[in-house]
1. Out of R228, R244, R153, I need the residue that is within 23 Å of V560 (Cβ to Cβ) and of a type in the set (K, R). Which one?
2. Could you pull out the residue among S36, S45 that is more than 26 Å from the chain's Cα centre (by Cα), at pLDDT below 50, farther than 30 Å from Q495 by Cα and not in a loop (DSSP other than H, G, I, E, B)?
3. For region 541-587, give me each residue that is assigned to a strand (DSSP E or B), of a type in the set (V, I, T) and surrounded by 24 or more Cβ atoms within 10 Å (Cβ to Cβ).
4. Would you check if there is a residue in region 287-306 being touching a Ser or Thr at 6+ places or on another chain (Cβ under 8 Å), of a type outside the set (F, W, Y), without any contact (Cβ under 8 Å) to a residue 60 or more places away in the chain and not in a loop (DSSP other than H, G, I, E, B)?
5. Considering only residues of region 173-185 that are outside any strand (DSSP E or B) and touching a helix residue (DSSP H, G or I) at 6+ places or on another chain (Cβ under 7 Å), which is farthest from V129 (Cα to Cα)?
6. Is it true that some residue in region 158-172 is crowded, with 24+ Cβ neighbours inside 10 Å, hydrophobic (A, V, I, L, M, F, W, C) and in contact with a helix residue (DSSP H, G or I) (Cβ under 8 Å, 6 or more places away or on another chain)?
7. For region 568-601, name all the residues that are aliphatic (A, V, I, L, M) and either in contact with a Lys or Arg (Cβ under 9 Å, 6 or more places away or on another chain) or touching a residue at least 60 places away in the same chain (Cβ under 8 Å) (or both).
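The values are calculated or read from the model by the stated rules, or taken from the named source; none is laboratory data. None of the values given here were measured: they were computed from a predicted structure. For neighbour counting, all protein chains shown are included, and Cβ atoms are generated from backbone atoms with ideal geometry for every residue, glycine included.
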Amino acid sequence: MLKQLSMRIGGVLITSLFLVGLAACGKTEPPPGDTSSDASNLPVSQEKQQPGAVDGPRLLNANSEPGSWLAHGRTYKEQRYSPLNQITTDNVGDMGLAWSFDLGTKRGVEATPIVVDGVMYTTSAWSIVHALDARDGSLLWTYDPQVAREKIRHGCCDAVNRGVAVWQGKVFLGAFDGRLIALDAKDGKVLWEVATVDTSLPYTITGAPRVIKDKVLIGNGGAEFGVRGFISAYNVDDGSEAWRFYTVPGNPEAGFENDTMKMAAETWNGEWWTAGGGGTVWDSMAYDAELDILYIGVGNGTPWNQMIRSPGGGDNLFLSSIVALKPDTGDYVWHYQTTPGETWDYTATQHIILAELELEGKNRKVLMQAPKNGFFYVIDRETGELLSANNYINVTWASHVDMDTGRPVEMPGARYKDEPALIFPSYLGGHNWHPMSFSQQTGLVYIPVLDFPAMYGHDKHYTYRPGISNVGTDGIVGSLPDADAERKAMGALIQGRLLAWDPVTQKEAWRVEHKGPWNGGVLSTAGGLVFQGTADGNVVAYRADNGEKLWDFPAQTGVVAPPITYTIDGEQYVTVNVGWGGAFALVFGEFVQDGSLPNVSRVLTFKLGAKQELPPVNWERVVNFNPPELTANEAELEKGFRGYQDICMGCHGLNAVSGLLIPDLRGSAFLQDANAWKSVVVEGVLKERGMPQLGDVVNAEEAEHIRQYVIQQSWRGKRLQEAASTSAAAGQ
């Protein structure tokens, strides 16, 4: 019984997040109106010098001006630790809301703001940039890149953006549609823009650019959809390409770009290049100025399943690797692969932190990462030598990391070659994109942890289809997922926590269990504090030494973005962007807490003694069920279920239960008529509102099968709603 339950729970789990081909529906969202201002409206300090006056020396000496937040991780080392200590464990309870700014979107908000000379530069969903007066949140200017809403079909995980880079009067934005755009920091006007990707292919950009020595660096996403990963550098003055480093080799018959790609190709088998190979650099970077080395994190393969991607095995470099490059040329220096031959979507794109640690009596320059695979790595950042590794959550795909070889010791059956396997952690990872923080005060790393499994099974019927999600894993085990008891059991497995980790001893120092996963990134400060937003809608301050909760503020929405801190006129502020969204929010609608919703996207800024209040939010989690007659037979429903999970689930949710960032299909009026449904799904009549035209991957018959499956789920929802109403009435 337990085995059957685990198989079916795992089946539900694996069919979620990245089995997406993404028929992404979106509400119509009028962008905030473009506004601008002249220098007279800028803060006083801005009148004295060029806005956005960040350069190499200033970034290299960021610790000498802790009142600013000049780069994505505050400094090139990406520690997300601030030396500011005006707000402390003793007085944080007196902190209140100083100001808020409505971002005007209804999708996930993941950005880290940049604060330079009294001006805050941040982004919201759809890659919209805002410049704000950091004292009071007043708007200086807004830039909307006008990303076509139907582009969401090529995004695995919402229309998010993680922020901008600021350099010598320019604000650099990586737009969701693959453009790199340079804006004037004074007024938001476009100075130049360049397509960083082949726009005929399903690339996206969600990550924040970095600038190193007059070159702006940006990667991309889209591995599941059929692309070849790379990172590129562009000259800051005009956007001309300086160099490009591919993370996986292309077709050998076309020749290799360099000896590094020739070396990498020896670790692949089959015709991997036909599906692109994957390996996108969609998030983390860090830079060691002393060694002059850039570190990037590389993602998963296309498809996930290595048996399909690279028949015969191989390490498949540089998937799931940390790669060291020369920032001037993009030349390869070294790599460390966290998951050789990855087959579970265990990316190594998670946050990279540089630090100095005393290990076995020696001061070592280290790189630290807690990637998806569940192990925490400490690596010599000069040589790539593994110094230590230990699992920071329950891990069942490998027993440990062999320190002699640097390779994980895999458990029998973990590669699901012969039969499905229930694996910890899931494809969402033990830690996802949400930034962690390293405190120079405590020596601890604070990790936003996810802790739940997924079922992986070999898809014997897999066929590569460009432009939709290609994973090659079959998580459909048993019948259609329509048992409420199994859903409840699945919900019990989904956990999340804030974990304080000692990177020297590779042991847990303390933990705070959250009500669920997908909690925000982390900030630590010299005031002895750790700040984090939570999925259930709070911004919280904890003691950095023991995790004691000292303060919280209701954000009215789930928080996934990381906080920052800065000072103006001698006052310390703490800012966090809020707005529930991202992969978990879209897919796991049934398991999203009510406290995460609704999406009220804002910038919230706090300081001591402030007492501002947010306006009340009137919201109720209701779906108006009116399902038509279900006419499909069991075989047709099975086809509809498979089609739904391949094409629709990434936005419309597991079992057609939306996280309410977008309309819940179970209550859609289009369910009533097959032709109306076809006009949306196949013909794209709502593409301007964010529901892409999918006629290239779904024909009329397949669309009808999907409609019938959603009707089935609508009837189930109606029954549950009626049962809940009856129960509530009886309780009264």
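1. Just one listed residue meets the conditions, R153.
2. Within the list S36, S45, the selection yields S45.
3. Result: I564, T565, V574, T575, V576, V578.
4. Checking region 287-306: not a single residue is touching a Ser or Thr at 6+ places or on another chain (Cβ under 8 Å), of a type outside the set (F, W, Y), without any contact (Cβ under 8 Å) to a residue 60 or more places away in the chain and not in a loop (DSSP other than H, G, I, E, B).
5. Checking each candidate, the answer is D177.
6. yes
7. I568, V574, V578, A583, A585, L586, V587, V592, L597, V600
One line per residue, one yes/no per condition, for (1) modelled with pLDDT under 95; (2) buried (at least 24 other Cβ atoms within 10 Å of the Cβ); (3) among the acidic types (D, E); (4) in contact with a strand residue (DSSP E or B) (Cβ under 8 Å, 6 or more places away or on another chain):
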| residue | (1), (2), (3), (4) |
| --- | --- |
| V298 | no, yes, no, yes |
| G314 | no, no, no, no |
| V366 | no, no, no, yes |
| E385 | no, no, yes, yes |
| A389 | no, no, no, yes |
